[in-house]
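Visitor: Dropping a structure here in structure tokens format, bear with me for questions.
The values are calculated or read from the model by the stated rules, or taken from the named source; none is laboratory data. This one's a predicted model, so the numbers in the text were calculated from it and none came from an experiment. In this analysis, Cβ positions are derived from the backbone assuming ideal geometry, glycine residues included, and neighbour counts consider all displayed protein chains. These area figures cover heavy atoms from the full protein model, side chains too; ligands, DNA and RNA do not enter into them. Shrake-Rupley method; radii C 1.70, N 1.55, O 1.52, S 1.80 Å.
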There are 2 protein chains.
Amino acid sequence: MNKKTTIYDIARALGVTVSTVSRALNNVPTISEATRKLVLDKAKELNYSVNKLASSLSSGKSNTIGVIVPTMQIHFFAEAVHSIEKELKKHNYSLLLYQSNESFEDEVNGVKTLLEAQVDGIIASLSLETQETQHFQEVINQRKCLVIFDRTHKDIPAPVVKLDDFKAGYLATQHLLEQGYKNIAFITTDKEIAIFQDRFHGFEAALKDAQISPQKDFIIRGDLSIEAGIKGTEQILKSVIQPDAFIGGDDFTAVGIIQALKTANIAIPATGVIGFANQTFSSFITPTLSSIDQQANKMGEECAKLFLKMVKQKSPYEAIEQIVLDPILIKRKSTNRIDK
Amino acid sequence: MNKKTTIYDIARALGVTVSTVSRALNNVPTISEATRKLVLDKAKELNYSVNKLASSLSSGKSNTIGVIVPTMQIHFFAEAVHSIEKELKKHNYSLLLYQSNESFEDEVNGVKTLLEAQVDGIIASLSLETQETQHFQEVINQRKCLVIFDRTHKDIPAPVVKLDDFKAGYLATQHLLEQGYKNIAFITTDKEIAIFQDRFHGFEAALKDAQISPQKDFIIRGDLSIEAGIKGTEQILKSVIQPDAFIGGDDFTAVGIIQALKTANIAIPATGVIGFANQTFSSFITPTLSSIDQQANKMGEECAKLFLKMVKQKSPYEAIEQIVLDPILIKRKSTNRIDK
DNA sequence: GTGAAAGCGCTAACAT
DNA sequence: ATGTTAGCGCTTTCAC
């Protein structure tokens, strides 16, 4: 309990030098099996535990990775972090967690903090506020491995893991069309965030391919939330022509849509509703909500693998990869008009 | 970009020594404003960034805390970690995250890893498998700050932050009784985990105080899950006497109960249902589910504060605190029999 | 196969 | 107010 045992203590007890102990502890091949065993036994006997700060400082490798996400309160990010940690742990990496709380300033600070902690790399998803990306450039300049996922930014010359959000929007729309819905409303955000815009563009493309021209009154760009879904639906229902299906920019908005439809006594899935993200609650609400799964776990796993691949290369940025995952359509009752 | 700037570079550029630079950088009072400014400017000019590994190694304080939770896939833990990180960040602590994945072996390994990383303390919630607690004793032996939350264990002589789960069970039951329900069923787990057992004991106590003797057939101890809720309900409904209310050991089980009741064409809240944990989905399902909130954020915050308090004391374990938070009853439609 | 010794970048007495 | 100088515990190159 007193002073912590160091490799010097082991060396002294064994009458060898610290380099021998270090070699034994690190499985360096140029050491005899006999002394290795001797060292290992003595280490256990003395209840030795490495000081990673010292070894990291000395070796220049911390075996720690930093992860920056907007907030763990968003289920998607919690899932992604779960998978990242799980995967990286297998390869003896530790994970320093930093939440930007959707603040640009915090994000910049996060990068700084992680860099000071000498992480071997950073896996990040951007805050809603982030426009400039100089702070991430600094990570690359220091030759540390950087991977950006989900909330990406075109100005960051680093590998990316994301979902094909255009396809997600296309899939959702196509599904509605296949179910016989024709007048589709879309309630989403006006913010310039790629994933949301891409979803919307996918929607437009699917309509175009089906030779349907979208109705202006049916498109609302404001916020994403239950309230936004309610308000948006109420507004759209005032139109002369009524939509026969609604797409919510995310599942929360879709829940709002469902609530507003119920209030207006409009039956679902006679009128269809679909969302994005496949939140946990989506399969529990009534009717169960069709959605597009974001593949949070797969995304986290890919991030981790990409990072591991990068650290292995001498020049991590020689070939910048872009991993685009396929969205998965989850069909549930809220759009089940024709199947029985 | 080449070699990283160190305090030696700054010292050399300014013709002073490293101690001066160190002092200036760390706001040590015994230094003239003039040189401090000089150093700070030069540091910025040279794009200096501290190496925390070095300062931690040298000072013996890492300003890093380790957090061990079963899994971030459980919303409660994601919320708790969110709050811990948010609170600790204010005080310049970084957070190393480790998931035990409900495995005892992983948990032991987590403690080892975090200790090797020289964290200043550990905040942990136990895995379902954990029976022995020697690994946590080691944390205490090393005089590092340990805080256990939610999933606690009586053998660990460390401060604890938890919910009053007995009261939670009592509150839920009392609420049902107040709403006029009299024959209450309880579907929960048979595992010996304090929080679940405490909830059940609270239930028993509330019945006893109301001078109602619980019906044996109405108590099912198996698993906690939607399926368990469905199966349990189906079984209970076979009884001659039918319950007029159900308590699910957690919200998932309660969802299963609701589904089974719907299938059996039993109206809710004529028959009442309540759960525990106040999951996100609980307010979205139909009918909205009454539940007992676990105060994840408050719990995380209290853990962080307790930790900060401990590190300030020279002997962190002189007075072992136990913070017990009050459960909060969330009344929703699933138990709203008499209010309008 | 093992030893000697120079760092890694910073802190913190102890001097001056 | 600033300089000197030992470390912190480990890795790693160069000898032997």
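Visitor: How large is the Kirkwood hydrodynamic radius of the range A:117-168, counting all unique pairs of alpha carbons, in Å?
Guide: 11.7
Visitor: How high is the relative contact order of the range A:230-323, given as a whole-number percent (alpha carbon pairs under 8 Å, six or more residues apart)?
Guide: 21
Visitor: Something else now. In terms of Cα to Cα distance under 15 Å, which aspartates and glutamates are near enough to A:LYS182, apart from those fewer than 8 places away along the same chain?
Guide: Within reach: A:GLU204, A:ASP209, A:ASP217, A:ASP244.
Visitor: Give me the extension gain from A:GLU178 to A:LYS331: residue separation times 0.36 nm, minus the current Cα-Cα distance, reported in nm with one decimal.
Guide: 53.9 nm is the gain from fully extending A:GLU178 to A:LYS331.
Visitor: Using the 7 Å Cα-to-Cβ label point, sort the distances from A:ASN47 to its equivalents in the other copies shortest first and give them in nm to one decimal.
Guide: Inter-copy label distances (nm, one decimal, shortest first): 4.6.
Visitor: Also, I was wondering about something else. Give the percent of DSSP beta bridges with both residues in the protein assembly as shown that are antiparallel, rounded to the nearest 5.
Guide: Here the share of antiparallel DSSP bridges comes out near 10 percent.
Visitor: Follow-up. Give me the aspartates and glutamates in straight-line cross-link reach of B:LYS37: C-alpha distance below 14 Å, same-chain residues under 8 apart excluded.
Guide: In chain and number order, the partners are B:GLU45.
Visitor: With all pairs of different alpha carbon atoms counted, what Kirkwood hydrodynamic radius in Å does the range B:1-68 show?
Guide: Numbers: mean 1/r = 0.0774 Å⁻¹.
Result for the range B:1-68 stands at 12.9 Å.
Visitor: Hey, another quick one. Which order do you get for B:SER290, A:SER49 if you rank them by accessible area with a 1.4 Å probe, largest at the top?
Guide: These residues rank, largest area first, as A:SER49, B:SER290.
Visitor: What number comes out for accessible area per residue over chain B if the probe is 1.4 Å? Units Å², please.
Guide: Accessible area per residue: 45 Å².
Visitor: Using a 1.4 angstrom probe on the protein heavy atoms only, line up A:SER58, A:SER83 by accessible area, largest first.
Guide: A:SER58, A:SER83
Visitor: With r as the distance between the Cβ atoms of A:ALA267 and A:GLN235 and R0 = 22 Å, compute the FRET efficiency 1/(1 + (r/R0)^6) and round to 0.05.
Guide: After rounding to 0.05, the efficiency reads 0.65.
Visitor: What value, in deg cm²/dmol to 500, does the helix sum -39500 (n - 2.57) over DSSP H runs of n ≥ 4 give at 222 nm once divided by the residues of chain B?
Guide: Calculated from helices alone, the mean residue ellipticity at 222 nm is -13500 deg cm²/dmol.
Visitor: Something else now. When the Debye formula is applied to the Cα atoms of the range A:158-309, each taken as the same point scatterer, what base-10 log of I(q)/I(0) results at q = 0.15, 0.16, 0.19 Å⁻¹?
Guide: -0.72, -0.82, -1.12
Visitor: Taking R0 as 22 Å, what FRET efficiency do you get between B:GLU105 and B:GLN142 from their Cβ-Cβ distance, rounded to the nearest 0.05?
Guide: Computed FRET efficiency for B:GLU105 and B:GLN142: 0.60.
Visitor: Once the label point is set 7 Å along the Cα-to-beta-carbon vector, what list of distances in nm do you get between A:THR5 and its counterparts in the other copies?
Guide: Nearest to farthest, the other copies are at 4.3 nm.
Visitor: Another question, if that's okay. Run the label-point distances for A:GLU33 please: 7 Å along Cα to Cβ, every other copy, nanometres, shortest first.
Guide: Once sorted, the set of distances for A:GLU33 reads 7.1 nm.
Visitor: Right, something else. Using the alpha carbon gyration tensor of chain A, what are the three equivalent-ellipsoid semi-axes (square root of 5 times each eigenvalue), largest first, in whole Å?
Guide: In descending order the semi-axes read 53, 19, 17 Å.
Visitor: If I ignore ligands, DNA and RNA and count only protein heavy atoms, how much of A:GLU105 is accessible to a 1.4 Å probe, in Å² to the nearest 10?
Guide: In the full protein context, A:GLU105 sits at about 140 Å².
Visitor: How big is the C-alpha Rg of the protein assembly as shown next to the rule-of-thumb value 2.2 N^0.38 Å, as a ratio?
Guide: Taking the Cα Rg and dividing by 2.2 N^0.38 Å, one obtains 1.08.
Visitor: How long are the three semi-axes of the equivalent ellipsoid for the range A:131-212, computed from the Cα gyration tensor as the root of 5 times each eigenvalue, in whole Å, largest first?
Guide: Working through the eigenvalues yields semi-axes of 35, 12, 8 Å.
Visitor: Between A:GLN313 and A:LEU128, what is the label-to-label distance in nm when each label sits 7 Å out along the Cα-to-Cβ direction?
Guide: For A:GLN313 paired with A:LEU128, the spin-label model returns 3.5 nm.
Visitor: A follow-up question, please. With N set to the number of residues, divide the alpha-carbon radius of gyration of the range A:62-147 by 2.2 N^0.38 Å and report two decimals.
Guide: Against the compact-globule rule of thumb, the ratio is 1.01.
Visitor: Evaluate the relative contact order of chain B (contact order divided by residue number), counting alpha-carbon pairs under 8 angstrom at least 6 apart; express in whole percent.
Guide: Once normalised by length, the contact order is 16 percent.
Visitor: List the relative contact order of the range A:11-56 as a percent without decimals, with contacts defined as Cα pairs under 8 Å and 6+ residues apart. Kindly include the intermediate steps, with their values, before the conclusion.
Guide: Working: 22 pairs, mean separation 14.1, N = 46.
Normalised by residue count, the contact order of the range A:11-56 is 31 percent.
Visitor: Can you say what percent of the DSSP beta bridges in chain A, counting only those with both residues inside, are antiparallel? Round to 5.
Guide: Among the beta bridges of chain A, antiparallel pairing accounts for roughly 10 percent.
Visitor: While we're on this one: How many partner chain Cβ atoms sit within 10 Å of a residue's Cβ in peptide A:71-82, on average, as a whole number?
Guide: Averaged over the peptide's residues, the number is 6.
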